[in-house]
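Read the structure below first, then the notes.
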Amino acid sequence: MASILVDITGSVQQAIVLLDNMPDELFTRVDPPAYSSSIGAHLRHNIDHYHSFCQGALDGRIDYDHRIRDPRLERELPLSKTILEGIVSELSDFATSDLDDPVDVKMDCGDQSEWSKSSIRRELQFLLSHTVHHYAVIGMICRLQGHCPPDDFGVAPSTLKYRQAQQQLKACAP
């Protein structure tokens, strides 16, 4: 399996693990002015992007502006977890041979929303970066509430690989 597929499914699985040990009240809590979007809201936003990708990749037209925005995903932790598990399954259906398939992509940027040329691989790279960004915010929210996420939560796979390589070098140093 291509590394982007491993990284993207692993990233979604990180959220599932985080939700396994999260109290419902933390999932929905907001604490202005520190943060005004809940963990549930950040995950719902990511889920919407994954749904847009998975649906659009099948027909070659990914429209990130056409999102479901189901408010239940912001309030119901078990539902969000179930949806994330389904996303892992959908992403696992992609093959390395699919990665260079062309897709048209639309995302609102200011007053205009135009279609651009892309590929499945590039959109997975976008989704991974987008996910890591939101996970970093989720990690901060968790820590502010005394709930410690795993050390690798909200950290880019490339950073994790770099850190692992550095630890291996230190372990081998005389």
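The values are calculated or read from the model by the stated rules, or taken from the named source; none is laboratory data. Everything numeric in this text was worked out from a predicted model, so none of it was measured. Note that we place each Cβ from the backbone using ideal geometry, even for glycine, and neighbour counts take in every protein chain shown. Just the protein is used for accessible areas: all its heavy atoms, side chains included, with ligands, DNA and RNA removed. Shrake-Rupley method; radii C 1.70, N 1.55, O 1.52, S 1.80 Å.
Things to note:
- Convex hull volume per residue in cubic angstrom - Cα atoms of the stretch 55-122: 98 Å³
- For the chain, share of DSSP beta bridges that run antiparallel, in % to the nearest 5: 70 percent
- Net charge of neighbours whose Cβ lies under 12 Å from the Cβ of T28, counting Lys and Arg as +1 and Asp and Glu as -1: -1
- Most positive-pole-ward Cα, L124, A136, P102, against dipole of the stretch 97-136 from beta carbon charges: A136
- For the stretch 105-174: accessible area per residue (Å², 1.4 Å): 65 Å²
- The stretch 1-113: relative contact order in percent, alpha carbon pairs under 8 Å with at least 6 residues between: 34 percent
- Rolling a 1.4 Å probe over the protein heavy atoms gives the stretch 3-92 an accessible area of 46 Å² per residue.
- Net charge in the neighbourhood of E76 (other residues with Cβ under 12 Å of its Cβ; Lys, Arg +1, Asp, Glu -1) is +1.
- Around the amide H of S119, modelled in the peptide plane, lie the amide H atoms of V103, all under 5 Å away and 5 or more residues distant in sequence or on another chain.
- Largest GNM mean-square fluctuation among P23, P78, P157, using the chain with Cα springs under 10 Å: P23.
- Mean-position separation - Cα centroids, the stretch 6-36 and the stretch 96-129, in angstrom: 25 Å
- Close amide-amide hydrogen proximity is noted between D63 and G56, K106, each under 5 Å apart and 5 or more residues distant or on a separate chain (H modeled in the peptide plane; Pro and chain starts excluded).
- Net charge in the neighbourhood of Q145 (other residues with Cβ under 13 Å of its Cβ; Lys, Arg +1, Asp, Glu -1) is -1.
- Label point of Q112 set 7 angstrom out along Cα-Cβ; within the stretch 48-64, amide nitrogens under 20 Å from it belong to 62-64.
- With 5 Å bins from 0: P(r) over the stretch 1-57, alpha-carbon pairs, percent: 4, 15, 20, 24, 17, 11, 6, 2, 0
- Accessible area of the stretch 28-73 belonging to carbon and sulfur atoms, whole % at 1.4 Å probe: 49 percent
- P(r), alpha carbons of the chain - 5 Å bins starting at zero, rounded %: 1, 8, 16, 19, 18, 15, 11, 7, 3, 1, 0, 0
- Using just its DSSP H runs of length 4 or more, each adding -39500 (n - 2.57), the chain gives a mean residue ellipticity at 222 nm of -20000 deg cm²/dmol after division by all residues.
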